[in-house]
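A.B. asks: Below you'll find the structure I mean.
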Amino acid sequence: MNFDFVLYLVINTAIILAISPLFVSLIKKVKAWTQGRSGPSVFQTYFTLIKLLKKEVIYSPNSSRIMRVTPLVTLAAILVAALFVPLVFVPEPIGGIGNIILFLYLLALARFFMALAGLDAGSCFGGMGSSREMSISSIIEPTTIIVFAALAFVFKSLNIFDMFFLTAASGSPATPTLILIGISLFIILIVETSRIPVDNPETHLELTMIHEGMILEQSGRNLALMELSSAVKMTVLMALLINLIVPFGIATTLTFAGILIAVIAFMIKCSVLAGVIGLFESSMAKKRFFQLPSLFAMAFFFSTLIIIIEVFS
Amino acid sequence: MIVELFILSLVILLAGSIFPLITASFDRRFIRTFSFSCTIVASLLLGMLSLMTLLKGDSVFFILYQPIPGFSLSFVIDRLASFFLFIIAVVSSCVALYFTGYIEHENGSTRRNLLCSCTNLFVLAMVLVVASANTISFFLFWELMAGASFFLVMYEYSQRDTIKAGIFYFVMTQLSSLFILLGIIVLYIISGSFAFLHLSPVSAPLITLAFLALFLGFSIKAGIIPFHKWLPYAHPASPSPVSALMSGVMLKIAVYGIVRFLLDVFTPDLWWGVLILAAGAASAVLGVIYALKEHDVKGMLAYSSIENIGIIFIGVGLFVIFTASSLPLLATISLLGALFHALNHSLFKSLLFLTSGSVVYATGTRDIEHMGGLSRSMPVTSALFFVGALSIAALPPLNGFASELLIFIAFFSSVTVVDPLFKVILFISLALFALTSALSAACFVKAFGSIFLALPRSQESAAAREVPRTMLIGPAILAAACILLGVFALQIFTIVGFAVPLPDMLLVGLLLLGMAVLTYGALYFTASHEVRISETWGCGTLSQKASSEYSGHGFSEPLDIIFSAIYRTRTKNERIFFDQKNCIFKEGRGEIRLLKVFEEYLYRPIAQQSMRLAKEVSRFQNGCLDTYLFYVFITVIALIIFLGWFA
């Protein structure tokens, strides 16, 4: 393991931890604007996290050790997954870091623990959230894998680092195939981060909620970890989309100026994407739960079509 | 050296099998402990010799007994055989360790001695099947294995469910043997020898027939859908350690059979691979979908075995496809993935069967709806089951993930397959495979959540206590193996001498650990340390009750509805009236039950047709002496004419 790579681990983790809460509030702000409200400050998520860290933790007397370790495991799994998607600087991959399937299954590891924690306290809301989360994540999985297979097919590599190298080298604009894959990736982003029309991140005590239901029993610093990990997960998936479709600015060598430019470029691109997500969410109503399979079937159809076009062209 | 070790372990297994038989009338603990010690010692020896051949990579051939020329009980221990010997050794030793504690809580006094004897015989038969160097001894020991396992399934013979399961199992397993015998005979006709000889790659119809017969035979034994029905009957009926052995090891022997014949005898066609891949993908998806619906914990594990065997068959199918399209590198990766998954499945599935056996022992029920809250009363068992659930749900950095990742990599690299049609087939199977692995995560969240988390849903569950230590050591070894094989997957492949494109799971594991430690440290210095144990959000109820929890059934309800096309139900109404004009209602009864598609549309019609045929045939046997004399007369005349014509 060389020095560059260690530095990469530190830089990537530090940047993602620092910036990811920003985009959560940014989306909220955009949604508030479209609704004619002024909305909370763009730094509100930071304030909430700090407030939660100061609060006490309440465990239900029915809960087991699963409840206690879940926040730690979730954040750890998502932070390791975040290492698989370089935000601003792409080093040489080492030891299979960057493997796209491993990336997907690290997210699944976090989800597995979260779903168990939802069942742990024995309240109906937690169980409902876990059940729906596992159902949705199961039926979106074929689409995700097909999209990832299409990526591997286009770039002839399984490694996200290699993919970013290639896009960075070829520069923008992306090929039509990549843009089609980008649309599918956008749908996956919406589903994986529990946004409208799949889930509503804003509601708390409604029968429609999924992800929020699952973490309803969490409190204090544990809730802070859960909120932070969902923010990091969203930013990582956004970064995957951005660095594949509009890679300009990303650094492939380690220089201070390069990193600085890359960070600024990434912040701008990611803010624009956050705005798009906010507008997308505002323009949609939440779908009924059992209408989701048809939405996913559509996404699956499109991504399979991309592959078939690629295969026969 | 290896031959002596092998024969020694056979002798020990035989001793462990015979000793409880001759002392069958004494209900003593030491007899059973001795018998299982024999299993453990023999397994350790087998494990040692299999590791020696695995690492060195040479093969040993020897003849044990040759009554007539052309037929011998000869054995070969090469890399493939020693790999499966290793699976048998690891699982049998852990199961035997668990069994010594478990068997003392079983009822059946002296019958338990027979259980020990049959277990040893079963292990012995499996060892001999794997080491067989010719098809005829392969078949003989295959039958021995089938017989021994039948007696194991029938242990609780006084219960009606067991009788049904036993007969079902017996019929299916004999059907499997029949097809394998057919395949072996056809191979003998082609090559004139019982040895595992490589056939010339001429695609003759006889070779195809032999392959299809063997494929059917091994599929029935492995539980490939639609021949899977015996698994969900046999596993709940038999004692848990027996289920662990059958699901963990015996199914792998069927996998061994198909891999051995594909490697050593056939030169496979492309469409064989597509057939195996399709069978595997169908079993994987349907297996896990049925597992989600199952509420009997052992039935759920049985369906999950079907799913995992499906995954192994997907790997084998990919191997055949890549071999036939001359891509040896990818073929090796898929075969390694399939074999590694066979090893991993035998580890985590026997772990899950053993721990669920402990749970069933502690609660007295197999229904997960009557469990719950066991993580506090059975902390060690719940931790061990949790490791198994993580592995089977293919989560990094455990072993289930490592082997599924190899198969994923093989799929993702199939760009180099030339034919576009095959590419599309591969992508569809890839999507099904991904669905399977996601659904199995949902299935085991449900299983672990319903069994171990929240409040107990029955009095038996509330009164459950942790099982004795003897029943924890075996599963603990298996759990440790699951973790080690996952974390050191890449290193193990390097030691054995295969370069596989696996990510370094050790690095990933260390990173996970490091991130968790860093987070904990950061929290320690910045966050509040106050912790309160108190009622959390209870939806307005005064005190939380188990009846308001999310049940296992409720958990899988969304998936039930999404896959409602697969879970078909049948509604039945019966009404009885007082009067003839059906006006005054007396009583009535209605039921909605799950349609057993394969049983009602495949098994039952076949059974009915064969019963009808048997009835037709039995008309010849009318018990009248005159008729029989007439048959003899006709036969003699026919013989005379036949001989006169041809001789």
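The values are calculated or read from the model by the stated rules, or taken from the named source; none is laboratory data. Please read all numbers here as calculations on a predicted model, not as lab measurements. Using ideal geometry, Cβ is built from the backbone for each residue, glycine included, and neighbour counts are taken over all protein chains shown. All accessible areas refer to the heavy atoms of the entire protein, side chains included, with ligands and DNA or RNA removed. Shrake-Rupley method; radii C 1.70, N 1.55, O 1.52, S 1.80 Å.
A.B. asks: When ranked by the protection proxy of mean other Cβ atoms within 10 Å per residue, highest first, what sequence do the peptides B:500-512, B:377-389 form?
C.D. replies: Working: B:500-512: 20.7, B:377-389: 22.5.
Highest to lowest by the protection proxy: B:377-389, B:500-512.
A.B. asks: To check my understanding: the extent here is largest minus smallest coordinate of the Cα atoms along each principal axis. What are those three numbers for region A:151-202, in Å, largest first?
C.D. replies: 40, 21, 17
A.B. asks: Trypsin sites (Lys or Arg not before Pro), restricted to region A:260-289: which are DSSP loop and have at most 14 other Cβ atoms within 10 Å?
C.D. replies: The qualifying sites are A:288.
A.B. asks: Here's another thing I want to ask about it. Picking from A:282, A:137, A:294, which is most flexible by a Gaussian network model of chain A using Cα springs under 10 Å?
C.D. replies: Looking only at A:282, A:137, A:294, the largest GNM fluctuation is found for A:294.
A.B. asks: Calculate, for chain B, the solvent-accessible area per residue in square angstrom, rolling a 1.4 angstrom probe over the heavy atoms of the protein chains.
C.D. replies: Per-residue value: 41 Å².
A.B. asks: What does the net charge come to around residue A:156 if you take all other residues with beta carbon closer than 13 Å to its beta carbon, with K and R at +1 and D and E at -1?
C.D. replies: -2
A.B. asks: Within the accessible area of region B:597-646, what % is carbon and sulfur when the probe is 1.4 Å and the other protein chains stay in place?
C.D. replies: 74 percent
A.B. asks: Continuing with the same structure: Compute the relative contact order of chain B as a whole-number percentage, counting only Cα pairs closer than 8 Å that sit 6 or more residues apart in sequence.
C.D. replies: Taking the mean separation of contacting Cα pairs over the length of chain B, I get 11 percent.
A.B. asks: Restricting to Cα pairs below 8 Å that are 6+ residues apart, what does the relative contact order work out to for region A:3-312? Please round to a whole percent.
C.D. replies: The normalised contact order for region A:3-312 reaches 29 percent.
A.B. asks: List the aspartates and glutamates whose alpha-carbon lies under 12 Å from that of residue B:586, not counting same-chain residues fewer than 8 positions away?
C.D. replies: B:574
A.B. asks: Now, a different point. I'd like the accessible area for residue B:252, computed on protein heavy atoms only with a 1.4 Å probe and all protein chains in place. Round to 10 Å², please.
C.D. replies: Near enough 0 Å² of accessible area.
A.B. asks: Which whole-number percent is the relative contact order of region B:108-264 (Cα, under 8 Å, 6+ apart)?
C.D. replies: Contact order relative to length: 26 percent.
A.B. asks: Of B:551, B:238, which has the most accessible area with a 1.4 Å probe, and how do the rest follow in descending order?
C.D. replies: Largest to smallest exposure gives the sequence B:551, B:238.
A.B. asks: Note down, for chain B, the three equivalent ellipsoid semi-axes (square root of 5 times each alpha carbon gyration tensor eigenvalue), biggest first, whole angstrom. It would help to have the intermediate numbers written out before the result.
C.D. replies: Numbers: eigenvalues 339, 234, 156 Å².
Ellipsoid half-lengths, sorted descending, are 41, 34, 28 Å.
A.B. asks: So which lysines can residue A:233 reach, going by Cα to Cα under 22 Å and dropping same-chain residues fewer than 8 places off?
C.D. replies: Cα-Cα hits under 22 Å: A:28, A:29, A:31, A:51, A:269, A:286.
A.B. asks: Okay, next question. Once ligands and nucleic acids are excluded and a 1.4 Å probe is used, how much of residue B:94 is accessible, expressed in Å² to the nearest 10?
C.D. replies: Accessible area, nearest 10 Å²: 0 Å².
A.B. asks: Return the Rg/Rh ratio of region A:1-80 with Cα-based radii and a Kirkwood Rh.
C.D. replies: 1.10
A.B. asks: Per Stokes-Einstein, at 25 °C and 0.890 mPa s, what whole-number D in µm² s⁻¹ belongs to region B:597-646, with the Kirkwood radius over Cα pairs as the hydrodynamic radius?
C.D. replies: 178 µm²/s
A.B. asks: Where does chain B land at 222 nm, in deg cm²/dmol rounded to the nearest 500, when only DSSP H runs of n ≥ 4 count, each adding -39500 (n - 2.57), divided by all residues?
C.D. replies: Value at 222 nm, helices only: -23500 deg cm²/dmol.
A.B. asks: Ok, one more. Hey, can you grab everything whose amide H is under 5 Å from the amide H of residue B:64? Only 5+ residues off in sequence or another chain; H modelled, so Pro and N-termini drop out.
C.D. replies: Amide H to amide H, under 5 Å and 5 or more residues apart or across chains, residue B:64 pairs with B:73, B:74, B:75.
A.B. asks: Kindly provide the Kirkwood hydrodynamic radius of region A:3-312 in Å, to one decimal, from all pairs of distinct alpha carbon atoms.
C.D. replies: With all distinct Cα pairs of region A:3-312 included, I get 20.0 Å.
A.B. asks: Nearest 500 deg cm²/dmol is fine: what mean residue ellipticity at 222 nm does chain A get from its DSSP H runs of n ≥ 4 alone, each adding -39,500 (n - 2.57), divided by its residue count?
C.D. replies: -24500 deg cm²/dmol
A.B. asks: What would the Debye formula give as log10 I(q)/I(0) at q = 0.06 Å⁻¹ for the alpha-carbon point model of the protein assembly as shown, no solvent?
C.D. replies: -0.46
A.B. asks: Take chain A, connect every pair of alpha-carbon atoms lying under 10 Å apart with a spring to form a Gaussian network, then pick out the residue of A:182, A:96, A:36 with the largest mean-square fluctuation.
C.D. replies: Result: A:36 has the largest fluctuation of those listed.
A.B. asks: Calculate the mean, over all residues of peptide B:326-338, of how many other protein chain Cβ atoms lie within 10 angstrom of the residue's Cβ.
C.D. replies: For peptide B:326-338, the averaged partner shielding equals 0.
A.B. asks: What order, most packed first, do the peptides B:608-618, B:143-153 have when packing is the mean number of other Cβ atoms within 10 Å of each residue?
C.D. replies: B:143-153, B:608-618
A.B. asks: From the phi of every residue in region B:502-518, what ³J(HN,Hα) in whole Hz does the Karplus formula 6.51 cos²θ - 1.76 cosθ + 1.60 yield, where θ is phi - 60° and glycine or proline is x?
C.D. replies: Using θ = phi - 60°, the values come out as 7, x, 6, 6, 4, 4, 4, x, 5, 4, 4, 4, x, 4, 5, 5, 4 Hz.
A.B. asks: Under the Karplus relation 6.51 cos²θ - 1.76 cosθ + 1.60, θ = phi - 60°, what is the ordered set of whole-Hz ³J(HN,Hα) values for region A:148-158, x standing for Gly and Pro?
C.D. replies: So the J values, rounded to whole Hz, are 5, 5, 4, 4, 4, 5, 5, 8, 6, 8, 9.
A.B. asks: How tilted is helix A:100-120 with respect to the longest principal axis of chain A? Cα atoms for both, answer in degrees (0 to 90, nearest 10).
C.D. replies: 0 degrees
A.B. asks: What is the Cα radius of gyration of region B:268-518 over 2.2 N^0.38 Å, N being its residue count?
C.D. replies: Compactness ratio reported: 1.07.
A.B. asks: If you wrap a convex hull around the C-alpha atoms of region B:317-463 and split its volume per residue, what is the figure in Å³?
C.D. replies: So the per-residue hull volume is 100 Å³.
A.B. asks: What are the ³J(HN,Hα) couplings of region B:192-197, residue after residue, when phi is run through the Karplus curve with 6.51, -1.76, 1.60 and θ = phi - 60°? Round to Hz, x for glycine and proline.
C.D. replies: Each residue's phi maps through the Karplus curve to give x, 8, 8, 6, 7, 9 Hz.
A.B. asks: Another question, then. Work the Kirkwood hydrodynamic radius out for region A:64-181: mean of 1/r over every pair of different alpha-carbon atoms, inverted, in Å.
C.D. replies: That comes to 16.1 Å for region A:64-181.
A.B. asks: Related question: Sequence neighbours fewer than 8 away in the same chain don't count; with that in mind, list the lysines whose C-alpha is under 21 Å from residue B:545.
C.D. replies: Residue B:545 reaches B:446.
A.B. asks: Total accessible area buried between chains A and B, 1.4 Å probe, in Å² to the nearest 100?
C.D. replies: 6700 Å²
A.B. asks: Could you work out what % of the accessible surface of chain A is carbon and sulfur, using a 1.4 angstrom probe and leaving DNA, RNA and ligands out of the count?
C.D. replies: On chain A, the fraction of accessible area on carbon and sulfur atoms equals 71 percent.
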